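**Q** Below: one structure in structure tokens.
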Amino acid sequence: MAIKDIDPIIAELIQKEKQRQETTLELIASENHVSTAVMEAAGSCLTNKYAEGYPAARYYGGCEYYDQIESLAIARAKQIFGCQFANVQPHSGANANLASFMAMMQPGDRYISLALSSGGHLSHGMKLNTSAIFWQPDHYELDSKTETIDFDSVRRKALELKPKMILCGYSAYPRTIDFKRFREIADEVGALLFADIAHIAGLVAGGAHPSPFPHAHVVSTTTHKTLRGPRGGLIMTNDEALAKAINRSVFPGSQGGPLMHIIAAKAVAFGEALRPEFKTYAQQIVRNAAALAKALAGKGYRLQSGGTDNHLMLVDLRARNADFTGADAEKALEKAGIICNKNAILNDPRPPKLTSGIRLGTPAVTSRGLKEHDLEVVAEFIDRAMSAKDDDSALKTIRAEVAKFCQKFPMPH
Ligand code: DSN
């Protein structure tokens, strides 16, 4: 029976969400719109079975096709990123990071990363997360003038603390990551280099950002951001001993049965990322971000670090209106049909629930086919919504215009 007959309440909510996605502009830097093929695999009969273990080494019978699917996902991930080992089972990016930590360090070991408040991720040492409960994080900084990675601070911390691991890769960092420079520092102190490329994986896949290989010892990512796959995680390495440790840390270390429908959807997305058109997509994401950043700067907004090299930007709202918090902006923009998230600006005087900025990203709108000149229109919508602030009637008018604009860009599924 169809969902609408079995459970009309959920069916209607799904329908409403579909309509919300279709009629709004998704500028959350970590989100995307997947293809019909990816959705089909994620919603398939593969959800029915246990396949604990790995291909050809399962704890359940009946895994013949699951083995083939997971092996294909692994082979495609290795081909995309040019590495020798891949584990496609992590249920999420945080799970991938937990398993990577377990593979690289003993409990209590020290590592350095960028703090969540400066653009890192909660699984990079936020005090309530396992990454800080079971290991000892310390943080390197952004340079307060350039607002980019301060490699003097990375090196100083590394020499002082002799960490077991150095973590690079971020959730809110608009500039290119110099993996080679990180590796030089890691080698100087005998640390492992761990790159969490969750945000930029699709850019790396499409050649629009330098690869973390061969520099990083271990690379983790989510599969649902710029990589445009189902929600999930992935870990890669070129080191055989680390690969064995990673496999053990994922299963049985931190997970049980893999989500095989999601692994099939990852395989489909990886297949899509290997096509030439994905390169065009990745490069368009970056061009669109640059166009949006330029248009916003032209309207008086300050961008942290002065702009963007990748798919995202941090807009410091104080330059435009000192009273308008990131939380206010997120709300006003949502009412206008533009979806984004509040985000701390470097040394933000406001708490994380308010902030002084917003984070904007172009992966999802690029999947809908928007080009540079369309992003200028988006910047105009954003600026009008910011000026309207709490004028609900003005925001409603913009919302209708945004919905009409969205009709020109059908969803890719
Ligand atoms: N929550 C994600 C983001 O928005 O960047 C990171 O996992």
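**Q** What Kirkwood hydrodynamic radius do you get for the chain when you take the inverse of the mean 1/r over all pairs of distinct Cα atoms, in Å?
**A** It works out to 22.0 Å.
**Q** Now a separate question. Need the C-alpha centroid separation for the stretch 26-67 versus the stretch 358-372, integer Å.
**A** Spelled out, the Cα-based centre of one part sits 26 Å from the other.
**Q** Provide the per residue accessible area, probe 1.4 Å, for the chain, rounded to a whole number of square angstrom.
**A** It amounts to 43 Å² per residue over the chain.
**Q** For the stretch 224-261 and the stretch 132-146, what is the centre-to-centre distance using only Cα atoms, to the nearest Å?
**A** 25
**Q** Which net charge results when you count Lys and Arg as +1 and Asp and Glu as -1 among the other residues whose beta-carbon is under 11 Å from that of Ala319?
**A** +3
**Q** Also, I was wondering about something else. Two decimals is fine: what is log10 I(q)/I(0) at q = 0.13, 0.16, 0.17 Å⁻¹ for the stretch 225-369, from a Debye sum with one equal scatterer on every Cα and no solvent?
**A** Calculated log10 I(q)/I(0) at the listed q: -0.78, -0.97, -1.01.
**Q** I would also like to ask the following. Show me the ranking of peptides 249-255, 284-290 by mean Cβ neighbours inside 10 Å, starting with the highest.
**A** The most tightly packed comes first, giving 284-290, 249-255.
**Q** Tell me, what % of the accessible area of the stretch 257-413 is carbon and sulfur with a 1.4 angstrom probe?
**A** Within the stretch 257-413, the accessible surface is 52 percent carbon and sulfur.
**Q** Quick one: if you stick a label point 7 Å off each Cα along the C-beta vector at Glu380 and Lys279, how many nm between them?
**A** 3.4
**Q** Next up: Work out, step by step, the length gained on full extension between Ser117 and Gln407: first 0.36 nm times the residue separation, then minus their alpha carbon distance; give nm to one decimal.
**A** That pair, Ser117 and Gln407, stretches by 100.7 nm at full extension.
**Q** Sorted from largest down, what three extents in whole angstroms do the Cα atoms of the stretch 1-74 have along their principal axes?
**A** Principal-axis extents of the stretch 1-74 (Cα, largest first): 45, 35, 17 Å.
**Q** Can you run phi through the Karplus equation (6.51, -1.76, 1.60; θ = phi - 60°) for the stretch 403-409 and list ³J(HN,Hα) in whole Hz, with x for Gly and Pro?
**A** 4, 5, 4, 4, 4, 6, 10
**Q** If each DSSP helix of 4+ residues adds -39,500 (n - 2.57) and the sum is divided by the residues in the chain, what number results at 222 nm, nearest 500 deg cm²/dmol?
**A** -13500 deg cm²/dmol
**Q** Report the label-to-label distance for Lys4 and Asp239 in nanometres (one decimal), using points 7 Å from each Cα along the Cα→Cβ vector.
**A** 5.4
**Q** Quick check of the Kirkwood formula: for the stretch 17-152, what is the inverse mean of 1/r over all pairs of different Cα atoms, in Å?
**A** Radius from the Kirkwood sum: 18.7 Å.
**Q** How would His217, His33, His413 line up by accessible area, probe 1.4 Å, largest first?
**A** Descending accessible area places them as His413, His217, His33.
**Q** Right, next: Could you sort out which of Lys294/Lys396; Lys225/Lys389; Lys299/Lys371 sit more than 21 Å apart by Cα distance in this structure? Before the final figure, lay out the partial values.
**A** On the way: Lys294/Lys396 26 Å; Lys225/Lys389 29 Å; Lys299/Lys371 19 Å.
Listed pairs above 21 Å: Lys294/Lys396; Lys225/Lys389.
**Q** So how much accessible area does Tyr65 have, in Å² to the nearest 10, using a 1.4 Å probe?
**A** 140
**Q** Would you please classify the overall shape of the stretch 73-168 from the alpha carbon gyration tensor, given that a ≥ b ≥ c denote the square roots of the eigenvalues, rounded means a/c under 1.5, and beyond that prolate means a/b larger than b/c while oblate covers the rest?
**A** prolate
**Q** Pulled fully out, how much extra length does the chain show between Asp138 and Leu159, if you take 0.36 nm times their separation in residues and subtract their Cα-Cα distance?
**A** 6.3 nm
**Q** If you rank Lys145, Lys371, Lys225, Lys180 by how much accessible surface each has, with a 1.4 Å probe, what is the order from largest down? List each step's numbers first, then the result.
**A** Working: Lys145 180, Lys371 90, Lys225 25, Lys180 110 Å².
Accessible-area ranking of Lys145, Lys371, Lys225, Lys180, largest first: Lys145, Lys180, Lys371, Lys225.
**Q** Something else about it: Using a basic spin-label model with each label point 7 Å from the Cα along Cα→Cβ, how many nm lie between Asp391 and Glu22?
**A** 3.1
**Q** What percent of all Cα-Cα pairs in the stretch 286-397 falls into each 5 Å bin, going from 0 up to the bin containing the maximum distance?
**A** That works out to 2, 13, 24, 26, 21, 11, 3, 0, in percent per bin.
**Q** Quick one: which of Lys180/Lys331; Lys18/Lys342; Lys342/Lys408 span more than 30 angstrom between C-alpha atoms?
**A** Over 30 Å apart, Cα to Cα: Lys180/Lys331.
**Q** Continuing with the same structure: Could you give each residue of the stretch 9-23 its phi-based ³J(HN,Hα) in whole Hz, using Karplus coefficients 6.51, -1.76, 1.60 with θ = phi - 60°, and x for Gly or Pro?
**A** For the stretch 9-23, the Karplus curve yields 5, 5, 4, 5, 5, 5, 4, 5, 5, 4, 5, 4, 5, 5, 9 Hz.
**Q** Roughly what percent of Cα-Cα pairs across the stretch 142-240 reach past 21 Å? Spell out each step's value before the answer.
**A** Values: 1638 of 4851 pairs.
Value for the stretch 142-240: 34 percent of Cα pairs lie more than 21 Å apart.
**Q** How much net charge surrounds Ala42 when only the other residues with a Cβ under 14 Å from the Cβ of Ala42 are counted, with Lys and Arg +1 and Asp and Glu -1?
**A** +1
The values are calculated or read from the model by the stated rules, or taken from the named source; none is laboratory data. Only a predicted model underlies this, so the values are computations on that prediction, with no experimental measurement involved. Methodologically, a virtual Cβ is constructed for each residue, glycine included, from the backbone with ideal geometry; neighbour enumeration extends over all protein chains shown. Remember, those area values only see protein heavy atoms, side chains included, never the ligands or the DNA or RNA. Shrake-Rupley method; radii C 1.70, N 1.55, O 1.52, S 1.80 Å.
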